[in-house]
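Values in this text are rule-based calculations from the coordinates and carry no lab data. Note that the structure is predicted; figures quoted are calculated from it, not measured. FYI the Cβ positions are ideal-geometry reconstructions off the backbone, even for glycines, and counts take in every protein chain you see.
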């Protein structure tokens, strides 16, 4: 009996011949091919790299050299410092009898103006405030005929202001006249009182008196107006009309005893605070200041520099650096890394054609990555020294 | 080598423990008392003179003094004790002694320890090392050129300064010369290299010292704990 297979009709056979065989094995085949390809590429790359890095090639070094120069190798001395605020003195008005409150009537000065003895500061509640030299002892009102060292001081001051009067020490008519003229020059009238020598005369005559509260003094007798109340200002209880700078802002930097040797008085320095730069000169060097136990300041000397008015970027309390500008002679110099050491001796390798020769050197200074060399005949400017 | 000596802090811990044990003895004798406490002090190493420009500018040749945090708060100065108590305290000082705590401090006189032998040998080797000798010669030439006079031919100190300002100046010049001669650190490095070689040869003995030191410090800490000192202070 024929099998059922052999008994299939032609249509069935055709269908059987055309059936699709599942190709699930194709996926792993592709994966194997891809991974194999990658592996081969990696191997090829490694082989190529290995062949490129032959032992001979890897041991080759390219010599690096630097040119011997003639330059000033300056070791800059830099200090830390700060702007120390200057000293100010307050100018105060005092209320006299008959004045209810202190109001600035007019200001004779503006901020920045210099203030000297003999000058008018302002008029307060109708009375002037005049500057008297600090040597004059101000402590009382002076009436005609009174005498004392204060009168003598006043007479000397009046003479200096251009109102000459003998320094008799007595507040006499000549002194009153000179005082009156000073007031007039300042745009005011001197205060007066009824003269004591009327002797029954019906006509009241008045005599000039000295009212001490209408005068102010500045420590050191010179200053600059820092602030001044404007006309119309009602003064506070303290009566402050103006603040006068009697010592300007200064720059102070502490140097240790060796650093201080680079900052003698008059030495040129550069001050830097942020982007602000100031070229100035050392104004003063203090005596040695021993550091306190709890002080963070090192023992040394304070270097003082003037801060000229209008120096932008330097405000009181600001920290800064002060650099000494030191002139140094030009010497042979090489980059510091060219200096080699052996048994405590310094030497450089100077290129001579394809070879190098060792030259012992003496390093005289170093700064900013450069070493200054003492002159030796075997090294000249333009030579090349090997760098390690 | 420093790890085979008590550190400054470890020394303070051990000393405070010993003080507690002495006062235990004094208490047993019927008297009161307690260790004084407070911070300890440690001085800057100056084996080869001043080595720091910053410290020279601040102290001249005087050593920088470091404060070692104390185990106990400082006690107020105690009032004078009676003669009987004084006698009891002396007796206890003698009987308690170091209470079995080893003296692991560098620089003690007549110290026969392996650490001290290593240090002494290394110092001697350093003294004849060519690099050291060359450094020393360069430094001597430099300080002489700056007008400084040595206190002795082998000394790293100088003849006395007239003022503190002069002392600071001399100390700064000293450091400047060390820098230009190869660096202030150089002799210390050479010494350390000799010490390292010596330590290799005596490693077994040093390991023993290290264990002894660790045990001593741990025992001291236990004594302090037993006397109410908090772990945070140890």
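Some observations on this one:
- Averaged over peptide B:57-63, the number of partner chain Cβ atoms lying within 10 Å of each residue's Cβ comes to 3.
- Extent along principal axes [Cα atoms of the stretch A:126-252; Å; largest to smallest]: 65, 34, 24
- Scaled against 2.2 N^0.38 Å for its residue count N, the alpha carbon radius of gyration of the stretch A:70-150 is 1.96.
- Helical mean residue ellipticity (222 nm; -39500 (n - 2.57) per DSSP H run of 4+; nearest 500) of chain A: -5000 deg cm²/dmol
- Multiplying the residue separation of residue A:43 and residue A:247 by 0.36 nm and removing their Cα-Cα distance gives an extension gain of 65.2 nm.
- Cα convex hull volume per residue for the stretch B:142-205 (Å³): 113
- Within the stretch A:61-77: backbone nitrogen closer than 13 Å to the residue A:387 label point (7 Å, Cα to C-beta): A:62-68
- With a Förster radius of 25 Å applied to the beta-carbon distance between residue B:117 and residue B:211, the computed FRET efficiency rounds to 0.85.
- Size descriptors for the stretch B:2-233: radius of gyration and Dmax over Cα atoms are 22.1, 66 Å.
- Contact order relative to length of the stretch A:305-388, as percent, for alpha carbon pairs under 8 angstrom and 6 or more apart: 29
- Counting, for every residue in A:252-258, the Cβ atoms of other protein chains within 10 Å of its Cβ and taking the mean gives 5.
- The protein assembly as shown - convex hull of alpha carbons, volume per residue in Å³: 550
- Estimated from the Cβ-Cβ distance and a Förster radius of 30 angstrom, the FRET efficiency linking residue A:316 and residue A:140 is about 0.20.
- Estimated 222 nm signal from helices in chain B, with DSSP H stretches of n ≥ 4 weighted -39500 (n - 2.57), rounded to 500: -18500 deg cm²/dmol
- Across chain B, the relative contact order, built from alpha-carbon pairs under 8 Å that are at least six residues apart, equals 32 percent.
- Estimated FRET transfer efficiency (residue A:288, residue A:205; beta-carbon r; R0 56 Å; 0.05): 0.25
- Its relative contact order, with pairs defined as Cα atoms under 8 Å and 6+ residues apart, puts the stretch A:204-333 at 24 percent.
- Rg over Rh for the stretch B:1-100 works out to 1.11, both radii taken from alpha-carbon positions and Rh defined as the Kirkwood radius.
- Peptides A:64-72, B:144-152 ranked from most to least packed, by the mean per-residue count of other Cβ atoms within 10 Å: A:64-72, B:144-152.
- With Cα atoms as the point set, the stretch A:250-370 shows a radius of gyration and Dmax of 20.5, 62 Å.
- Under the Debye formula (equal points on every Cα, no solvent term), log10 I(q)/I(0) of the stretch A:202-286 at q = 0.14, 0.16, 0.20, 0.23 Å⁻¹: -0.80, -0.88, -1.04, -1.20
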